[in-house]
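Visitor: Starting off with a structure, shown below.
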């Protein structure tokens, strides 16, 4: 069984130069880039039919991959990868972790062990994979593929710059009371679809690099990667917090364990949807999300934008997010006593004790307040005469909705639509998903936990959407 990443939609960091000076952004931030190591690993796992690396959202690029590489689907590395996926669950973040542990010549940057680059790989499999990868790179003439796409990579880098330049770096140092001691590197993963990953590598000299590998989940009318502020900046804002937060819990997690486990048990269904598979990951994610809300307050975001962010986190299962954000306000108002967020952790221990006591009340309240499916615009659910030329589906909800991982395939193997871009209405009560359909085919997908209201009261059940094209 594949292990999903601890952070799937989710892991973006900015690249800072080793010597960090917050005075001038141009001198402290390395610009985002496309990394051939990331691309070649993504391509190999695409050829091995790994669903997380099979997105065709950026079709302008993925079609190029298909034309160049599809004749290599039977290469020995592809068979090896399929075996690793089946037996060891190698996928998702494990793939990107391997990529950053290689140099530009695809040689290991550090000595591999049973847990380096990642435990799912194992030492022997890691070295064998590297051997086969170098052979695949040569056999498939990947050097020529990357050479031919340099102009495309350049355009992607330029398009991401407005997102990169929008971040107020000074706020992080001031709020957390420290500067990160890692080197941060942000990468655009062109074939990764909506998958975002945050792997890191530790060097023998104590140096640590933390990567933000950002997926490409939106394109413009010409099919080019489209990094819009509204869609990408929140992810960037979210993920840069992780480097200031994760290490604190790693130092001493025991004071939080009991209450963290109580809370996790109450919301684990929602946490699992986001691939947050333990209480520690949930804890860090909650604190990061509360910090995002604090950033928005401090940087004059509108009440509408802040409310949208809060609602999204409630929809994702972080039901104590408002209380936690208020706790961060208390911290920021007591900086003489608590110069760093780490020094405030004794107060967070107390806060989490309270959250655990009241978590069942929060769950019950959320069931009453959560959005529910209302209707479809383009056709009715169950329609058997849908025109295959329909380019989108608009799903309406009875309340503002800000989910991301709210759709999944059915368990019976029904045909899942080829979704591409996703856009929310201004009032957040509807979401439009673009897609491409085939004629004379029955399609099915599930809205996770979003069944309509019924006379028996609110239900937490999934809701099936199905239709047939003519």
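Visitor: Which distance in nm do the two modelled labels at residue 107 and residue 205 give, with both placed 7 Å along the Cα-to-Cβ direction?
Guide: Output for this residue pair reads 1.7 nm.
Visitor: Let me ask something else. Where both partners of a DSSP beta bridge lie in the stretch 180-322, what percent of those bridges are antiparallel, to the nearest 5? Don't skip to the end; give the middle numbers.
Guide: Details: 5 of 11 bridges.
Percentage antiparallel, nearest 5: 45.
Visitor: Where does each of 42-54, 419-431 land if you order them by average Cβ count within 10 Å, highest first? Kindly include the intermediate steps, with their values, before the conclusion.
Guide: Working: 42-54: 21.8, 419-431: 16.2.
Going by the mean number of other Cβ atoms within 10 Å, highest first, we get 42-54, 419-431.
Visitor: Can you tell me how much longer the chain between residue 358 and residue 396 gets when fully stretched, taken as 0.36 nm per residue apart minus their C-alpha distance, in nm with one decimal?
Guide: Computed gain between residue 358 and residue 396 is 10.5 nm.
Visitor: Can you give the extra length, in nm with one decimal, that the chain gains between residue 379 and residue 272 once fully stretched, where that is 0.36 nm per residue apart less the Cα-Cα distance?
Guide: Going from the current span to full extension adds 35.4 nm.
Visitor: Could I ask something else about it? Which value at 222 nm does the chain reach when only helices count, each DSSP H run of 4 or more adding -39,500 (n - 2.57), with the total divided by all residues and rounded to the nearest 500 deg cm²/dmol? It would help to have the intermediate numbers written out before the result.
Guide: Values: 16 runs with 207 residues, N = 470.
Calculated mean residue ellipticity at 222 nm is -14000 deg cm²/dmol.
Visitor: With labels modelled as points extended 7 Å from the Cα through the Cβ direction, what inter-label distance (nm, one decimal) is found for residue 438 paired with residue 425?
Guide: For the pair residue 438/residue 425, the computed spacing is 3.2 nm.
Visitor: Where in the stretch 346-363 does the amide nitrogen come within less than 13 Å of the point 7 Å from the Cα of residue 254, taken along Cα to Cβ?
Guide: It comes to no residues whatsoever.
Visitor: Could you give the length gained by full extension between residue 83 and residue 306, i.e. 0.36 nm per residue of separation minus their alpha carbon distance, to one decimal place?
Guide: 75.7 nm
Visitor: Between residue 119 and residue 368, what FRET efficiency follows from the Cβ-Cβ distance if R0 is 45 Å, with the result rounded to 0.05?
Guide: Calculated transfer efficiency: 0.60.
Visitor: Please compute the modelled spin-label separation between residue 387 and residue 329, points set 7 Å along Cα→Cβ, answer in nm with one decimal.
Guide: Roughly 5.1 nm, to one decimal.
Visitor: Here's another thing I want to ask about it. Could you compute the FRET efficiency for residue 131 and residue 349, with r as their C-beta to C-beta distance and R0 at 35 Å, rounded to 0.05?
Guide: 0.15
Visitor: Quick check on packing: order 157-163, 221-227 by the mean number of other C-beta atoms within 10 Å, highest mean leading.
Guide: 157-163, 221-227
Values quoted throughout were computed directly from the atomic coordinates according to the rules given, and no laboratory measurement underlies them. Just so we're clear, the structure is a prediction, and the values are computed from it rather than from any experiment. Using ideal geometry, Cβ is built from the backbone for each residue, glycine included, and neighbour counts are taken over all protein chains shown.
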